[in-house]
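Below is one structure; the comments refer to it alone.
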Amino acid sequence: MPVEAETVTGRAPTRITVLGATGSIGQSLADLLEKNPDRFDVVALVANRNAHALADMAIKLKASIAVLADDESFPVLTERLNGTGITAASGQAAIEEAVDMETDLVVGAIVGAAGLVPTFRAIKPGRRIALANKECLVCAGDLFVDKVRATGVELLPVDSEHNAIFQVFEKDQTDQIEKVILTASGGPFRTWPLAKMNDVTPAQALKHPNWDMGSRITIDSATMMNKGFEVIEAAHLFPVSNDQLDVLVHPQSTIHGLVQYKDGSLLAQLGSPDMRTPIAHCLAYPGRMPVPVTRLNLAELGKLTFEAPDAERFPCLGIALAALEAGGGAPAALNAADEVAVDAFLKERIGFLDIPAAIEAVLERLAASDMLKPAKCVEDVLDLDSEARKKTLEWIGSRTSWH
Ligand code: NDP
């Protein structure tokens, strides 16, 4: 690192690239970057089509380049960045160029399978990847982890549960680990009877009791599919077997993850439900940095409660665990079917309980036609992804005649 790149603190700033900069994770991250201008140099910010939000952020964070996936929004971005010295670009080739730029840390925070190609490309020697885009691990976990290992890249989990587990997972004591436990808030319908869940509206499902997140993950939290995805993520991130992974409903979202050891110790990470804490952990790793989140006042909180997940009212969790067990292409198909079903639910084309019904039907049909084989490359994953999307749309269009 050249001497002139060093700050007054004597530490070279970390160069950072953000994929999915304008989303919920991206905004939380931007807040930390803005508060620590000497510590980080923003290289590239990537989003889909939200030109105004991207331009605002690029100016605020003094990014070198801002890139949109969508060409149609490019004129707005160019106009907004005119005269700022920040390069504006759009399209997949421009995203690839931005990902290839010299950087130390890439934050993968695109939502959905759209994050696969750019995040895979971002895995290059000498970098760290802070991964929020869980779809990389859900849809292509083996390929992703293989590439991470082959390049020697350090992979840091942003997802709060995995970040919590990462903080209390003693890497040199893996043979002493009995269980890895992911907590779940249970979402807005935790106490609702099944009959009432038929009539859930998108507005009700979008009201998460504890976390403020993007719309897809909020609906996935309401169905508990998100927890299923997180178990699949954990299976790739931590060297434990599937039956060592457990889910515990904890409505206060105060304990984010736990690891149980053979000596009976249960180590947990606690914190306010604010994504800036796990994001900051990834930014400063292996150190720490100050974050202005609300401090937990345990005395005021009084008590923490726990319960087992209810498989009958939240079938998505079981469907996801079955996909993890089945392996091969099942988790990728699960994610694709879920993305389409959640979108249809948000557009009020299907009901809340149709989400698991659609996903289960699609997985069964793909398995019956032997289409859930393990992927050899990302293109295989994308092919299966588009087939599963097609089948889910078919199911939505002709539910009654599907079987
Ligand atoms: P949001 O929907 O809030 O944001 C998604 C981001 O991805 C936006 O910046 C969006 O750009 C961008 N994007 C979407 N499609 C593309 C594309 N084709 N190319 C480039 N950029 C694209 O999502 P979240 O921030 O909630 O979630 C992001 C990821 O992090 C998800 O995988 C989620 O599961 C995971 N996660 C999120 C948590 C949270 O608290 N939000 C917690 C843990 C994990 P634009 O604004 O232009 O559309």
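Keeping all protein chains in the complex and leaving out DNA, RNA and ligands, what accessible area do you get for Glu307 with a 1.4 Å probe, in Å² to the nearest 10?
70 Å²
May I ask you to give the percent of accessible area on the chain that is carbon plus sulfur, with a probe radius of 1.4 Å?
Carbon plus sulfur share of accessible area: 51 percent.
Give me a comma-separated list of calculated 3J(HN,Hα) values for the range 91-96, in order, Karplus coefficients 6.51, -1.76, 1.60 applied at θ = phi - 60°, integers in Hz, x for any Gly or Pro.
Values per residue, Gly and Pro as x: x, 5, 5, 5, 5, 4 Hz.
Once you compute Rg and the Kirkwood Rh from C-alpha atoms, what is the Rg to Rh ratio for the range 34-88?
Ratio of gyration radius to Kirkwood radius: 0.97.
If Lys and Arg each add +1 and Asp and Glu each add -1, what is the summed charge of the other residues whose beta carbon sits under 13 Å from the beta carbon of Pro286?
Summing Lys and Arg as +1 and Asp and Glu as -1 gives +2.
When the solvent-accessible surface of protein heavy atoms is calculated with a 1.4 angstrom probe, in what order do Arg349, Arg389 fall, highest first?
From most accessible down to least: Arg349, Arg389.
Hey, for a label at Asp310 modelled as a point 7 Å past Cα toward Cβ, could you say which residues of the range 163-194 have their backbone N under 11 Å away?
Hits in the range 163-194 for Asp310 at 11 Å: 189-194.
What figure, in Å² to the nearest 10, do you get for the accessible area of Ile95 with a 1.4 Å probe and non-protein molecules left out?
10 Å²
Just the accessible area for Glu178, please: 1.4 Å probe, Å², rounded to the nearest 10?
Rounded to the nearest 10, that gives 80 Å².
What full-extension length gain, to one decimal in nm, is calculated for Leu301 and Glu79 as 0.36 nm per residue of separation minus the Cα-Cα distance?
Length gained, Leu301 through Glu79: 75.0 nm.
What number, in percent, do you get for the relative contact order of the range 1-141 if the mean sequence gap of Cα pairs under 8 Å and at least 6 apart is divided by its residue count?
Contact order relative to length: 23 percent.
Counting only other residues whose beta carbon sits under 15 Å from that of Val76, what net charge do I get with K and R as +1, D and E as -1?
-3
First select every other residue whose beta carbon is under 10 angstrom from the beta carbon of Ala51; then total the charges, Lys and Arg +1, Asp and Glu -1.
-2
Given contacts defined as C-alpha pairs under 8 Å and at least six residues apart, what's the relative contact order of the range 205-308, whole-number percent?
22 percent
Using Cα-only point scatterers and the Debye equation, what is log10 of I(q)/I(0) for the range 1-122 at each q in 0.12, 0.19 Å⁻¹, rounded to two decimals?
Debye curve over Cα of the range 1-122, log10 I(q)/I(0) at q = 0.12, 0.19 Å⁻¹: -0.39, -0.97.
Please list Arg288, Arg121, Arg128 from largest to smallest accessible area, probe radius 1.4 Å, with all protein chains kept in place.
Most to least solvent-accessible, the answer reads Arg288, Arg121, Arg128.
Express the accessible area of the chain per residue in Å², computed with a 1.4 Å probe while the remaining protein chains stay in the model.
44 Å²
At 222 nm, what helix-only mean residue ellipticity would the chain give, in deg cm²/dmol to the nearest 500, using -39500 (n - 2.57) for each DSSP H run of four or more?
-13500 deg cm²/dmol
Relative contact order, percent, of the chain when contacts are C-alpha pairs under 8 Å separated by at least 6 residues?
Result for the chain is 14 percent.
Using just the Cα positions, wrap the chain in a convex hull and report its mean projected area in square nanometres, one decimal place.
Dividing the Cα hull surface by four gives the mean projection, 21.0 nm².
Karplus couplings for the range 72-80 from phi (6.51 cos²θ - 1.76 cosθ + 1.60, θ = phi - 60°), rounded to Hz, Gly and Pro as x?
3J(HN,Hα) across the range 72-80, in whole Hz: 4, 8, 4, x, 5, 4, 4, 5, 5.
Against the 2.2 N^0.38 Å scaling, with N counting residues, where does the range 136-236 land? I'd like the Cα-based Rg ratio to two decimal places.
Against the empirical 2.2 N^0.38 Å value, I get 1.29 for the range 136-236.
The values are calculated or read from the model by the stated rules, or taken from the named source; none is laboratory data. Predicted, not measured: the structure shown is a model, and the values here were computed from it. Counting neighbours? That spans all protein chains shown, and the Cβs are built from the backbone with ideal geometry, glycine included. Remember, those area values only see protein heavy atoms, side chains included, never the ligands or the DNA or RNA. Shrake-Rupley method; radii C 1.70, N 1.55, O 1.52, S 1.80 Å.
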